[in-house]
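Step one of this worksheet: look at the structure below.
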Amino acid sequence: MIQFFCILAAMTALDAAEQRPNVIVVMADDISARDFPIYGSTTCYGQPAVTPVIDRLATEGCYINTAWSSTVCMPTRAMVMSGRYAHLTKWWDNGEFGKSKRGGIYPIADSSPLTIGQLAKQAGYRSIWVGKTHVTTGSSYTRFGFDEGVFTPGEPEVRGTSPFDHFRNLKNKEFWNSDSFLWWPEVQVANHPDHPGTSFTWQKTAISDYGPDVEMDHILEFMERSKQQGKPFFVYHTSHLGHQAVDMASPRHKMTWPGTPRLTWNADTRTYTRHRPKITANGPTDKLSTTYEKENITPDELKFQIEYLDFQLWQYLEKLKQIGELENTVVIFTSDNGTKGWKASVEKQRSLHVPLIIYAPGQPQFVQGKQDILSDLSDLLPTLAEIMGADLPSFDEYELNGTSLWPFLTKQTPDHRDWIYAYKGNRQMVRGHLLLRDGKGDWWDCSDLPHDMDSFPPIENLDALSPLQQAEKAMIDEVLKRFARTDVGGPHSFHEDPSRRLTEREKQKMRLKQEKLEKHLMKFE
């Protein structure tokens, strides 16, 4: 019966796919909510950015005042891809993972096979994954369900096959960094229709080529092809912008935010002009003594990378208007964790508070402006499923920890969640509307968001809490118990824990859950 229902739902999704909105998810890298002007913070990292397009999306669409990621990249990306917390994915921290039955890192594709790519496939969408992966460790990107991919740098499983000398260079990276993703990027293209007989191809680039531009060229071309094919499309754009890097045009640089191509914003016409960058080497590019001349490139600051993200969102809007899909597209913008200085912190919500902006101009009943609700990035998968019309298994069949935002966004419900959750190793962070319990075990009054987004009043005496606060603390205590990590290699979603013997009852329960899940996943074959 379950199998029949799933197949019927999948057929319905395919029949109605053309009526469903396209979806674009853009995830920045290492940028806190405080660094975006729309959030009104009195402090930011470095110089404040100017983001007219993001501001417009947030006011004409909406932005979530309190959205949480995880503390660092890999567990956040696992959470977005799966809609699940680390008690299921076992991705607790960068470099801290559960173990598979075969040994090695427990892959997300094993722990959580129901990915956002698989959902898009189920619903009849064309999908592309572009930019940074950082969630494929232990398994190929091909297991995540996306039709196409553009990876900068290329995926590790085939990175060594790059035909270009400067990306096959010295392992010690003395002269060149083979993980290039900004200037002179290493670009691997997967499953492009121009290369039907080859899964992976490599794109030749030059020193003045900018990785984010290369990514956008592929995305915009994919959107146009999907439109021509009469298919709705899903873009998962995991940008490197915001993350520090080695400037490939200046190999002697330490980690910085390499400058971007210069931009000019015309407020009257609401248009960007990108000025053509040029980098000229004054000698061989494999010599430490070589210097470089740069034209139309900004200084090395985070501010300019944030502004380049704003430019790219403008490019999305312009392309959507050109192909007649602006009113039929939902755009979601977020980030994977906080900025340098706050990244990886377990204090208060420093590393967790990220932007979450949703723009859906074609939705007649849609909230606008600032929304004082709680959300974490596990909510993205069920939200995408509802937008796309993809069928989700029951909680008993397959546990999801996120909750769809769509009923709130479309004014079907007045609120969203009572609590949100994050983790770093065995440190847990939970907050409700009144209280925040951080990874140090400290409690904070979060009933108001401070102007600097950090100066929450500490709670010194838990016995003096108001009745409402006491009720919320009891709820938070239960959340902490529910998701507490006892060991990295604990029981997985349906795999056995290699560190202990399971009882026959536990094994039978896992087998039944696996059988139900496999029936649900048959629609993806």
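Taking K and R as +1 and D and E as -1, what net charge do the other residues with C-beta under 11 Å from the C-beta of Ala120 add up to? If you can, show how the numbers build up before the last one.
Details: positive: Arg20, Lys121, Arg126, Lys231; negative: Asp147.
Net charge in that neighbourhood comes out at +3.
Under the 0.36 nm per residue contour assumption, what length would be gained going from the current alpha-carbon distance of Arg102 and Thr256 to full extension? Can you show the working numbers first?
Details: separation 154, 0.36 × 154 = 55.44 nm, distance 3.85 nm.
Value of the extension gain: 51.6 nm.
Note down the relative contact order for the stretch 96-143 as a percent, whole number, built from C-alpha pairs under 8 angstrom at least six residues apart. It would help to have the intermediate numbers written out before the result.
Numbers: 28 pairs, mean separation 19.8, N = 48.
In percent, rounded to a whole number, it is 41.
I want the local charge near Leu326. Using Cβ-Cβ distances under 10 Å, sum +1 for each Lys or Arg and -1 for each Asp or Glu among the other residues. List each step's numbers first, then the result.
Values: positive: Lys319, Lys321; negative: Glu318, Glu325, Glu327.
Here the count lands on -1.
Quote the convex hull volume per residue of the stretch 300-407, based on C-alpha atoms, as a whole number of Å³.
Details: hull volume 16.1 nm³, N = 108.
Hull volume over Cα atoms, normalised by residue count, gives 149 Å³.
Could you work out the mean projected area of the convex hull around the alpha carbons of the stretch 58-131, in square nanometres to one decimal?
Values: hull surface 28.2 nm².
With every direction weighted equally, the projected area is 7.0 nm².
By what distance, in whole Å, do the Cα atoms of the stretch 222-362 stretch along each of the three principal axes, largest value first?
Largest first, the stretch 222-362 extends 54, 42, 33 Å along its Cα principal axes.
Which FRET efficiency value, to the nearest 0.05, do you get for Thr43 and Ser140 by plugging their Cβ-Cβ distance into 1/(1 + (r/R0)^6) with R0 = 56 Å? Before the final figure, lay out each step's value.
Values: r = 42 Å, r/R0 = 0.75.
Between Thr43 and Ser140 the formula returns 0.85.
In the stretch 217-264, which trypsin sites (Lys or Arg not before Pro) fall in coil by DSSP and have 12 or fewer other Cβ atoms within 10 Å? Before the final figure, lay out the partial values.
Values: sites: Arg225, Lys227, Arg252, Lys254, Arg262; in loops: Arg252, Lys254, Arg262.
The qualifying sites are Arg252, Lys254.
Between Thr264 and Asp452, what length in nm is gained on full extension when 0.36 nm per residue of separation is reduced by their alpha carbon distance?
Working: separation 188, 0.36 × 188 = 67.68 nm, distance 2.91 nm.
Computed gain between Thr264 and Asp452 is 64.8 nm.
Let me know the Kirkwood hydrodynamic radius for the stretch 370-486, please, with Cα pairs as the basis and the value in Å to one decimal. Walk me through the numbers on the way to the answer.
Details: mean 1/r = 0.0631 Å⁻¹.
Roughly 15.8 Å, rounded to one decimal.
Give the average over all directions of the projected area of the C-alpha convex hull of the stretch 305-361, one decimal, in nm². Write down the numbers at each step before the final one.
Working: hull surface 18.2 nm².
Taking a quarter of the hull surface, the average projection is 4.5 nm².
Select from the stretch 369-476 those trypsin sites (Lys or Arg not before Pro) which occupy a DSSP coil region and have at most 16 other Cβ atoms within 10 Å, ordered by residue number.
Working: sites: Lys370, Lys411, Arg417, Lys424, Arg427, Arg431, Arg437, Lys440, Lys473; in loops: Lys411, Arg417, Lys440.
Passing both the DSSP loop test and the Cβ count: Lys411, Lys440.
With θ set to phi - 60° and the Karplus curve 6.51 cos²θ - 1.76 cosθ + 1.60, what are the ³J(HN,Hα) couplings of the stretch 411-427 in order, to the nearest whole Hz, using x for Gly and Pro?
6, 8, 10, x, 9, 10, 10, 8, 8, 10, 9, 8, 7, 8, x, 9, 8
So if we plug the beta-carbon distance of Thr413 and Thr273 into 1/(1 + (r/R0)^6) with R0 = 25 Å, what FRET efficiency do we get, rounded to 0.05? Please report the intermediate quantities before stating the final value.
On the way: r = 42 Å, r/R0 = 1.70.
Given R0 = 25 Å and the Cβ-Cβ separation, E is 0.05.
What FRET efficiency comes out for the pair Glu293/Ile323, r = Cβ-Cβ distance, R0 = 41 Å, nearest 0.05?
On the way: r = 38 Å, r/R0 = 0.93.
With R0 = 41 Å, the Cβ-Cβ based efficiency is 0.60.
The numbers here are math on the coordinates, done by the rules we state, and not lab data. Quick caveat, the model's predicted, so the values are computed rather than measured. Here the Cβ is made from the backbone with ideal geometry for all residues, glycine too, and neighbour counts use every protein chain on show.
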